[in-house]
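FYI, it's all coordinate maths here, none of it is from the lab. These numbers come from a predicted model, not from an experiment. With ideal geometry, Cβ positions are generated from the backbone for all residues, glycine too; neighbour counts draw on all protein chains shown.
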Number of protein chains: 2
Amino acid sequence: MNLKSFRIDNLQYCNWSKEIFQINNQAKLDAIHVTIAYHEDFNEVEKNINIWNKYFKEFKDLIFHGKTYKDIEKAHKEKKTAVFFGFQNCSPIGNNIGLVEEIHKLGIVFMQLTYNNQSLLATGCYEENDSGVTRMGKEVIKEMNKLGVVVDMSHSAEKSTLDAIKISSKPIAITHANPSFWFEAKRNKSNEILKALAESGGMIGLSLYPHHLKDKSNCTLESFCEMVAKTSDLIGIKHIGIGSDLCIGHPDSVVDWMRNGKWTKTKDYGEGSSSDVSFPKQPIWFEDARGFKNLEDGLKKVGFKESEVNDILGNNWYNFYRGINS
Amino acid sequence: MNLKSFRIDNLQYCNWSKEIFQINNQAKLDAIHVTIAYHEDFNEVEKNINIWNKYFKEFKDLIFHGKTYKDIEKAHKEKKTAVFFGFQNCSPIGNNIGLVEEIHKLGIVFMQLTYNNQSLLATGCYEENDSGVTRMGKEVIKEMNKLGVVVDMSHSAEKSTLDAIKISSKPIAITHANPSFWFEAKRNKSNEILKALAESGGMIGLSLYPHHLKDKSNCTLESFCEMVAKTSDLIGIKHIGIGSDLCIGHPDSVVDWMRNGKWTKTKDYGEGSSSDVSFPKQPIWFEDARGFKNLEDGLKKVGFKESEVNDILGNNWYNFYRGINS
């Protein structure tokens, strides 16, 4: 197997359409990890999966449901994109640990222990205080480890994330976030987390979502790639991938729903503000997955070798997927 | 209205039967607050209410559904027991603040923000760390205050309880617990909590559940009544009532379910242990609600006047119910 050129975007949440699947195909993405739950319960997730099953049927020349790393190889060979499912919250399992097995059967590969708020499992990064992984959280991590559902702490708070790294017997992932040393944001991660993550064999997917970028929508490709280089110096190149957090084509009502779910009657603006309620504008060099080509060029410019660029843009994630069920 | 002699037990969770309703009647209980959810979701609560509606029909000479303080007066007059509904957890509202209004419509008067574990609203007393009332918790308390659903922190951790007292614009309740100064247990409450509770107009229902009692099942009536006197000295008599936590007639599978719900695959023993999995044996002077007579005598013996005994055994809770919708 030629490992040189896998391309993986390990987080997208777009307003799915043939056009977007075509763009991902043009970008040569062998795999994407897509969000199918933010606040949904188990029944609502099943409905979302039904919608995906329709996409898989309708756009079978472009995509198929990815379940293991072998599907990444298959996609590469067939010039399609394998679509892996994940949750950005643990709402689908509610207070029932038995549902971890059920979501695994549905093909869920990643589950965040929290979105922005406190969950039954851990604390989200928007809470004032962080009590870490809870009693139920410890039990659920054990179950996820056993079944091969990856713990994702992208939206979790500091102590909770460090706890999860420690408690999980398998490497965890931060599928979409950036280092705080580059841009201080609630969603970005401390050096302590990044180091502990790498030491335990985990992966971070660097994000192209403007609220996680230095200078937001005006972030330059050069600045982003320099950040990648510094992150690589800090934790080693093998733990770095891309999780673009692309949210293409959604109306603003969707970002409003992502932030507010059903948990509040007072409007929450998340990473935005009352004067800035919209999805932010992508930087011009990453308006969609075709920006992977710009990343390729940019990473080479800051000194990465071709094999290293391939590691960052897909091969590291591919290796992580290989380890999930080992 | 003669206020002298209301008798209220503000927490019971029995294996309900005609016999138990008769015992409560013999004990002259004008009102009981009963638990109708530990881990249930909204649909399961509706089923539990259907069961209660059958009880109300079948045993209409003994009980009826209590909704406001006027039902306590009615029960007193008709020599029946008004049954008020409460939850020991917030599981029935899940992640949906809109359900607070729905549970209020169903006649729920009390809702604990947590059982023993972390919830979406606050931290339970069995968690290692306590992050206090969460973002959703703040919103839900506001909603409960607006509608007249009482915040109950009986099973919550220290900071969460202090937070709830501060955040709630209405007095809160600790329907069933004892002071830690008398017996140090995870479920009992610090002086700081008790004082803050009283200062804000809240109520504590002192518990007769052996795991909350000094010397557990061997606790003496005298020791219990001396504790009441000390609590009264500490926070004032007007904030003290009874919440016996009587769990009569259940098989041990019920306490196992209360402790484990569906959150863990590893057995949790809660206040018990692996060698002590059963419901504990009640002290001989409080085997059921007829023990209120013993409390009456015991409280007089430690120096309380008759009017004060009546305050503790029911009138204080009656006054609290009067304030709920004011």
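From the alpha carbon centroid of region B:27-75 to that of region A:66-131 is 40 Å. Volume of the convex hull of region A:86-191 (Cα atoms only), normalised per residue: 82 Å³.
Taking the fewest neighbouring Cβ atoms within 10 Å as the starting point, the ordered list for B:Thr81, B:Thr161, A:Thr35, A:Thr264 is A:Thr264, A:Thr35, B:Thr81, B:Thr161. Each Lys or Arg adds one and each Asp or Glu subtracts one; over the other residues with Cβ under 15 Å from the Cβ of A:Asn145, this totals +1. Of all the options A:Arg187, A:Arg290, A:Arg135, the one that moves most in a Gaussian network model of chain A with Cα springs shorter than 10 angstrom is A:Arg135. Restricting the GluC sites (Glu not before Pro) of region B:4-103 to loop positions (DSSP other than H, G, I, E, B) with no more than 14 neighbouring Cβ atoms within 10 Å leaves nothing.
Considering only DSSP states other than H, G, I, E and B, which GluC sites (Glu not before Pro) in region A:110-211 qualify as loop sites with at most 16 other Cβ atoms within 10 Å? Walk me through the intermediate numbers first.
Details: sites: A:Glu127, A:Glu128, A:Glu139, A:Glu143, A:Glu158, A:Glu184, A:Glu192, A:Glu199; in loops: A:Glu127, A:Glu128, A:Glu184.
Listed in order of number, the matching sites are A:Glu128, A:Glu184.
Order by neighbour count: A:Tyr115, B:Tyr126, B:Tyr209, fewest other Cβ atoms within 10 Å first, most last.
B:Tyr126, B:Tyr209, A:Tyr115
For the residues of B:265-273, the average number of beta carbons from a partner chain within 10 Å of their own beta carbon is 2. Each copy carries a label point for A:Glu102 at 7 Å from Cα along the beta-carbon vector; from one copy to the others these points are 1.7 nm apart, nearest first. Think of region A:8-324 as a dipole: +1 on every Lys or Arg Cβ, -1 on every Asp or Glu Cβ, centred on the Cα centre; then among A:Ser278, A:Cys90, A:Ala27, A:Ala27 lies furthest on the positive end.
Here the Karplus curve 6.51 cos²θ - 1.76 cosθ + 1.60, taken at θ = phi - 60°, turns the phi angles of region B:88-96 into couplings of 8, 6, 9, 3, x, 8, x, 9, 10 Hz, with x standing for Gly and Pro.
Distances between copies of B:Lys300, taken at a point 7 Å out from Cα along the Cα→Cβ vector and listed shortest first: 9.6 nm. Which shape class, rounded, prolate or oblate, goes with chain B when its Cα gyration tensor gives a ≥ b ≥ c as root eigenvalues, a/c under 1.5 marks rounded, and past that a/b bigger than b/c marks prolate? In terms of gyration-tensor shape, rounded.
Using a Cα-Cα cut-off of under 19 Å, which aspartates and glutamates could be cross-linked to B:Lys105, ignoring same-chain neighbours fewer than 8 residues away? Straight-distance partners of B:Lys105: B:Glu40, B:Asp41, B:Glu44, B:Glu46, B:Asp71, B:Glu139, B:Glu143, B:Asp152.
About the centre of its Cα atoms, region B:99-253 shows a dipole size close to 380 debye [charges on the beta carbon of Lys, Arg (+1) and Asp, Glu (-1) only; nearest 20 debye].
Exceedance of the 20 Å cut-off in Cα-Cα distance is limited, within the set A:Lys170/A:Lys214; A:Lys159/A:Lys189; B:Lys80/B:Lys281, to A:Lys170/A:Lys214; B:Lys80/B:Lys281. Mean partner shielding of peptide A:134-147, defined as the number of other chain Cβ atoms within 10 Å of each residue Cβ, is 4. Where the alpha-carbon atoms of the protein assembly as shown are placed on the principal axes, they occupy 88, 52, 43 Å, in descending order. Taking every DSSP beta bridge that has both ends in region B:8-324, the antiparallel portion is near 5%. When chain B is turned onto chain A, its residue with the beta carbon nearest the axis, and that distance in whole angstrom, is B:Ser131, 2. For region A:196-320, the Kirkwood estimate of hydrodynamic radius, built from reciprocal distances between every pair of different alpha carbons, is 15.8 Å.
Residues A:Ser190, B:Ser244, A:Ser217 in ascending order of nearby Cβ atoms (within 10 Å, fewest first): A:Ser217, A:Ser190, B:Ser244. For the set A:Lys60/B:Lys262; B:Lys74/B:Lys238; B:Lys18/B:Lys186; A:Lys18/A:Lys47; B:Lys70/B:Lys305, the pairs lying more than 31 angstrom apart at their alpha carbons are A:Lys60/B:Lys262; B:Lys18/B:Lys186.
Beta bridges per DSSP, both residues in region B:1-123: antiparallel share near 0 percent. With label points set 7 Å from Cα along Cα→Cβ, the inter-copy distances at B:Lys18 are 7.1 nm, sorted shortest first. Each other residue within a Cβ distance under 13 Å of A:Gln88 adds +1 if Lys or Arg and -1 if Asp or Glu, for a net charge of -1. Per-residue shielding of B:154-161, expressed as the average number of other chain Cβ atoms within 10 Å of the residue Cβ, stands at 1.
Using a simple charge model, +1 on the beta-carbon of Lys and Arg, -1 on the beta-carbon of Asp and Glu, nothing else, what dipole does chain A show about its Cα centre, in debye to the nearest 20? Don't jump to the answer; show the numbers that get you there.
Numbers: 41 positive and 42 negative charges, 161 e Å.
That gives chain A a dipole magnitude of about 780 debye.
Taking every C-alpha pair closer than 8 Å and separated by at least 6 residues, the mean separation divided by the residue count of chain B gives a relative contact order of 20 percent. Taking every DSSP beta bridge that has both ends in region A:88-227, the antiparallel portion is near 10%.
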